[in-house]
1. Spot the failing condition for residue 112; the list is (1) within 14 Å of the chain's Cα centre (by Cα); (2) among the hydroxyl-bearing types (Ser, Thr, Tyr); (3) more than 17 Å from residue 66 (Cβ to Cβ), and only one is missed.
2. Of all the residues that make up segment 105-116, how many are β-branched (Val, Ile, Thr) and modelled with pLDDT of 90 or more?
3. So is residue 102 in contact with a helix residue (DSSP H, G or I) (Cβ under 7 Å, 6 or more places away or on another chain) and modelled with pLDDT of 85 or more or not?
4. Are any residues in segment 88-131 under 20 Å from residue 75 (Cβ atoms) and outside any strand (DSSP E or B), and if so, which ones?
5. Could you say which residue among 57, 80, 92 is at pLDDT below 75 and either closer than 23 Å to residue 107 by Cβ or out of contact with any Lys or Arg (no Cβ under 6 Å at 6 or more places or on another chain) (or both)?
6. In segment 85-125, which residues are of a type in the set (D, E, K, R) and either touching a strand residue (DSSP E or B) at 6+ places or on another chain (Cβ under 9 Å) or surrounded by 14 or more Cβ atoms within 10 Å (Cβ to Cβ) (or both)?
Amino acid sequence: MMSKILLLISILFIVSCETTSHKKKQKIIKEPKKEIIYTPSEELISEENKEEGVDNIMMPLKDFTGIEDFKFKNLHSLKIEYGDFNFSKLEINYEFHRYNANKCRIFIQNNTDDKKIIQITIFNLENRNIYKKYSKVNCE
């Protein structure tokens, strides 16, 4: 009797292993699409300046002195003081904004729900420095 039970268990084990399928349909991963996320609204290089080169173009430099004091304040107050952003990207929980300040970029991050600014970063493109306070000298 015991031998029949062992035989039955071993047959069930063998059959169960053979009948399970490990084949899954392979998931096809699509190639990422190229997407333009920012296009400037106006052309910065005019026809006459193309011959002189990009380095000779003088952009008006807005004075962002005191922008770091807007941390933890409402985003609307920043827009009233310094105007609209040059670039904005809205995510689910956070919004990212940027001001162009000649050789510097000022990045602002805020919460989507309450529009409170949580981070202000001043980054110099040429020497790759990050500043805690805005200074015209650092960005000219």
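The values are calculated or read from the model by the stated rules, or taken from the named source; none is laboratory data. Note that the coordinates shown come from a computational prediction; the quantities given were computed from them, not determined experimentally. Because the Cβ atoms are built from the backbone with ideal geometry, glycine has one as well, and the counts that use them run over all protein chains shown.
1. It fails just one condition, (1).
2. We begin by selecting, within segment 105-116, every residue β-branched (Val, Ile, Thr); these are 106, 108, 112.
Adding the requirement that they be modelled with pLDDT of 90 or more leaves 106, 108.
Residues that pass the stated criteria total 2.
3. Numbers: in contact with a helix residue (DSSP H, G or I) (Cβ under 7 Å, 6 or more places away or on another chain): yes; modelled with pLDDT of 85 or more: yes.
Answer is yes for this residue.
4. Correct list: 91, 92, 93, 112, 113, 114, 115.
5. On the way: 80 fails: at pLDDT below 75; 92 fails: at pLDDT below 75.
It is 57.
6. Step one: filter segment 85-125 for residues of a type in the set (D, E, K, R), giving 89, 91, 95, 98, 103, 105, 113-116.
89, 95, 98, 103, 105, 114, 115, 116 - these are the residues of segment 85-125 that are of a type in the set (D, E, K, R) and either touching a strand residue (DSSP E or B) at 6+ places or on another chain (Cβ under 9 Å) or surrounded by 14 or more Cβ atoms within 10 Å (Cβ to Cβ) (or both).
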